[in-house]
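In what follows, a structure is listed as structure tokens, so that the remarks can point back to it.
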Amino acid sequence: MIFLTFFLGLIVNFIGYIPPGNINLTLAQITINRGLKQALKFIIAFSSVEFFFTYFIMHAAQWLSSAVHLETVIDWVMIAMFGTLGTIAWINRKKAPKANYSSKESIRYGIILGFLNPMQIPFWLIAGTYLISHGWILTTTFALPVFSLGSASGAFLCLFLYARFARYIQKKFALSTQIINTCIAILFYLFAAYHVAKEIYLIFFKHRH
């Protein structure tokens, strides 16, 4: 049962980080601009925070699912985040990568984005509620930390593969950092535009109870 709980956390969160989002796109940018070593430090820091993030969300799943306008708050937070990340990527798109980067910078970045991770809240509200309601995991003092550890491991594994893939794409197609940074900036802006369009639709074209 312990292994199953850990394995479920690993698989579910691995799947959760496969779709492109603020975390894996930021990681791709770090990998391209700073190298795999700095990317690994980012991943370790982020995954460590993911343990606590998952534990809190799973504990608070029932309360969060009933929170008024939670989805709207998440949308606007993601609009601000994607817009900010897109602007940073766009401004720095022509800057040449430095020879050396501070380890603390990548670690600090991983910790900050680990806590500012709104995209995972609706994911865990759906996945977590399903797993708990169907008895796949228990919310006991021992089981939930094991599940959260699996979740952190799943995030680490998926993001590590993302970093390796980003490095492979850069070498395979000999892409410049400017082209990659520009593409990532555009993707960030597109994600922000999607959430803006979603909110406009919900506010003006769909009656909200």
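Read-outs throughout are calculated quantities, based only on the coordinates presented, and are distinct from any laboratory measurement. Quick caveat, the model's predicted, so the values are computed rather than measured. Please note: Cβ atoms are built from the backbone with ideal geometry, for glycine as well, and neighbour counts cover all protein chains shown.
Computed from Cα atoms, the angle from the helix 22-34 axis to the main principal axis of the chain rounds to 30 degrees.
Please return the longest stretch of the chain lacking exposed loop sites, where trypsin sites (Lys or Arg not before Pro) count only if DSSP places them in a loop and at most 11 other Cβ atoms lie within 10 Å. After excluding every exposed loop site, the longest remaining stretch is 99-205.
For the chain, the alpha carbon convex hull comes to 124 Å³ per residue, rounded to a whole number. With runs of 4+ DSSP H residues as the only contributors, calculate the mean residue ellipticity of the chain at 222 nm using -39,500 (n - 2.57) per run, divided by the residue total and rounded to the nearest 500. For the chain, the value works out to -27000 deg cm²/dmol. Ordering Thr72, Thr140 from the fewest to the most neighbouring beta carbons within 10 Å gives Thr140, Thr72.
Of the chymotrypsin sites (Phe, Trp or Tyr not before Pro) found in segment 176-209, the ones in coil according to DSSP and having at most 15 other Cβ atoms within 10 Å of their Cβ are Phe205. Summing +1 for each Lys or Arg and -1 for each Asp or Glu among the other residues whose beta-carbon sits under 15 angstrom from that of Thr87 gives +3.
Modelled this way, with points 7 Å down the Cα-to-C-beta line, the labels at Lys95 and Val73 are 3.3 nm from one another.
Tell me, how many Å apart are the Cα centres for segment 150-209 and for segment 106-139? Here the two parts' Cα centres lie 18 Å apart.
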